[in-house]
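Structure record follows, encoded as structure tokens.
The values are calculated or read from the model by the stated rules, or taken from the named source; none is laboratory data. Just so it is clear, the model here is predicted, and its values are computed rather than measured. FYI the Cβ positions are ideal-geometry reconstructions off the backbone, even for glycines, and counts take in every protein chain you see. Side chains included, ligands, DNA and RNA excluded: accessible areas come from the protein's heavy atoms. Shrake-Rupley method; radii C 1.70, N 1.55, O 1.52, S 1.80 Å.
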Amino acid sequence: MVKVVVCGAAGGIGQPLSLLLKQSDLITHLALYDVVNAPGVAADLSHINSKSQVSGHGKGDMDAALKDAHTVVIPAGVPRKPGMTRDDLFKINAGIVRDLAEGVAKNCPGAFVLVISNPVNSTVPIVCEVLKKHGVWDPKKVFGISTLDGVRSSRFVSEVKPSLDPKSTRVTVIGGHSGVTIVPLLSQIPGHFAKNLSQEKLDALTHRIQYGGDEVVKAKDGAGSATLSMAHAGARFTLTLLEATISHTAGLVESTYVSLHADADSTASFRHKTGLDYFAQDIEFGPEGVHRIVPLPDLSTYEQTLLDAAIPELKVNIAKGASFITDSA
Ligand SMILES: NC(=O)C1=CN([C@@H]2O[C@H](COP(=O)(O)OP(=O)(O)OC[C@H]3O[C@@H](n4cnc5c(N)ncnc54)[C@H](O)[C@@H]3O)[C@@H](O)[C@H]2O)C=CC1
Ligand SMILES: O=C([O-])CC(=O)C(=O)O
């Protein structure tokens, strides 16, 4: 049985994400959990003629939803309104994510946990600290989904240079998932893409990638943040993980925000140099989750400056998430 659980399944991301996951034959049981409307969304999706059985779980039914899950995807929580930062969501979302992680520790301690809820830079350390507290943490199995940064990068790069196909132009995005912590490695795009841009164009493109989320928040004007593009990104990430862990497809790579202890040896000097325990970087998937963290390529001087600016904010975000659990122990 391959049971995938979506927590927050009736929300703006949860519904289209669940729809995309319903298309996959790798999933045999799709469990939808939300504090509102989950049974209705589940009944609707359950009529689609694909392989998976669908179950809906409302408030008070979290344990049954999570029981024996292979993978748990978490888009539960509140989204931003104009004028807010992702960190402003911490107050509400930290507790929601903590409680779901407690549920994972109790009901499916070996599951892969994929965190979408913001602020991702802090919510991933929250999940890890909860699992650590219960003695069931495997750093190779907890991921912050920062895939949307790469999805946007591919699209925005193709708008600057239309001969680049947005589907096949992969952009590695390192750092974290908010503002200055989002560091796109445009120098890695073949054909000297970045070198051929003026500094002004490079600045504008980098800024657009770092603040792509704000573009959507502003356009939705109080009605939330990215949901459809996020569902696309979340489904892509989840299905890639399933390809690696169930079908054992080798060599699959995505940028994602993980504990650097997922590959402690290869990241030792980076951790020592930066003082960071969590970081978004390309990882190669394996049956165990993180097979390896791909070493950072040589950064351009510009990218090194962006990374230097990201590190202090990342440190604050990580400490805030981790201490939310450790200080209350
Ligand atoms: N990682 C990323 O790149 C992105 C992350 N996000 C984040 O995803 C989160 C969700 O965004 P939307 O779907 O737009 O919000 P939404 O408000 O439309 O949906 C959230 C859902 O979570 C549910 N929920 C709340 N508390 C819950 C709990 N304790 N257990 C289970 N479900 C619960 C709500 O009932 C609601 O259905 C936000 O924190 C947002 O900032 C959004 C876009 C991109
Ligand atoms: O901007 C937001 O609040 C939602 C998000 O993380 C994104 O769209 O990248």
Next item on the list: Pull up the cross-link candidates among the aspartates and glutamates for residue 140, meaning alpha carbon to alpha carbon under 20 Å and not fewer than 8 places away within one chain.
Entry: 68, 102, 129, 243, 254, 263, 265, 277, 282, 284, 288
Next item on the list: Could you check which residue among 189, 209, 145 shows the biggest mean-square fluctuation in a GNM of the chain with a 10 Å Cα cutoff?
Entry: 189
Checklist line | Cα-based helix-to-principal-axis angle, 264-274 vs the chain, degrees rounded to 10 | finding: 60
Next item on the list: Determine the distance separating the Cα centre of region 79-138 from the Cα centre of region 21-58; give it in Å without decimals.
Entry: 22
Next item on the list: For region 153-164, take each phi angle, set θ = phi - 60°, evaluate the Karplus expression 6.51 cos²θ - 1.76 cosθ + 1.60, and give the result in whole Hz per residue in order, putting x for glycine and proline.
Entry: 4, 4, 5, 5, 4, 5, 6, 6, 10, x, 6, 8
Check: Rank 327, 203 by accessible area, highest first, at a 1.4 Å probe radius?
Finding: 327, 203
Check: From the Cα gyration tensor of region 146-329, with a ≥ b ≥ c the square roots of its eigenvalues, which class applies: rounded if a/c is under 1.5, or else prolate if a/b is larger than b/c, or else oblate?
Finding: rounded
Check: Once you sort the root eigenvalues of the Cα gyration tensor of region 175-227 as a ≥ b ≥ c, which label holds: rounded (a/c under 1.5), prolate (a/b larger than b/c) or oblate (the other case)?
Finding: prolate
Margin query: Running a GNM on the chain with Cα contacts under 10 Å, which residue among 191, 179, 95 ends up with the highest mean-square fluctuation?
Written below: 191
Notebook entry, point to check: Rank 282, 61 by accessible area, highest first, at a 1.4 Å probe radius?
Noted result: 61, 282
Margin query: Just to verify a number: what accessible area does residue 88 come out at with the full protein assembly present, 1.4 Å probe, Å² rounded to tens?
Written below: 80
Next item on the list: Check the straight Cα-Cα distances from residue 195 and name the lysines below 19 Å, setting aside those fewer than 8 residues away within the same chain.
Entry: 161
Notebook entry, point to check: Averaged per residue, what accessible surface does the chain expose to a 1.4 Å probe, in Å²?
Noted result: 42
Check: Per residue of the chain, what 222 nm ellipticity follows from adding -39500 (n - 2.57) for every DSSP H run with n ≥ 4, rounded to the nearest 500?
Finding: -14000 deg cm²/dmol
Check: Each label point is 7 Å from the Cα along the Cα-to-Cβ direction; what then is the distance between the points at residue 23 and residue 88, in nm?
Finding: 3.4
Next item on the list: Could you state the orientation-averaged shadow area of the convex hull built on the Cα atoms of the chain, in nm² to one decimal?
Entry: 16.1
Notebook entry, point to check: How much of the accessible area of the chain, in percent, comes from carbon and sulfur atoms when a 1.4 Å probe is used?
Noted result: 55
Notebook entry, point to check: Out of 258, 173, 157, any idea which swings most in a Gaussian network model of the chain, alpha carbons joined below 10 Å?
Noted result: 157
Check: All other residues with a Cβ under 14 Å from the Cβ of residue 294 taken together, and with Lys, Arg as +1 and Asp, Glu as -1, what is their net charge?
Finding: -4
Note to self: Could you report the accessible area of residue 261 in Å², rounded to 10, computed with a 1.4 Å probe on the protein chains as they sit in the structure?
What the structure shows: 80
Checklist line | Cut-off 18 Å (backbone N to label point 7 Å along Cα→Cβ of residue 200), residues of region 286-311 | finding: none
Item checked: Overall Cα dimensions of region 3-145, principal axis frame, Å, largest first -> 39, 39, 26
Margin query: To make sure I understand the rule: partners must be lysines, Cα under 17 Å from the Cα of residue 51, and not fewer than 8 residues away in the same chain. Which ones qualify?
Written below: 3, 22
Notebook entry, point to check: In what sequence, highest mean first, do 248-254, 195-201, 46-52 appear when ranked by Cβ atoms within 10 angstrom?
Noted result: 248-254, 46-52, 195-201
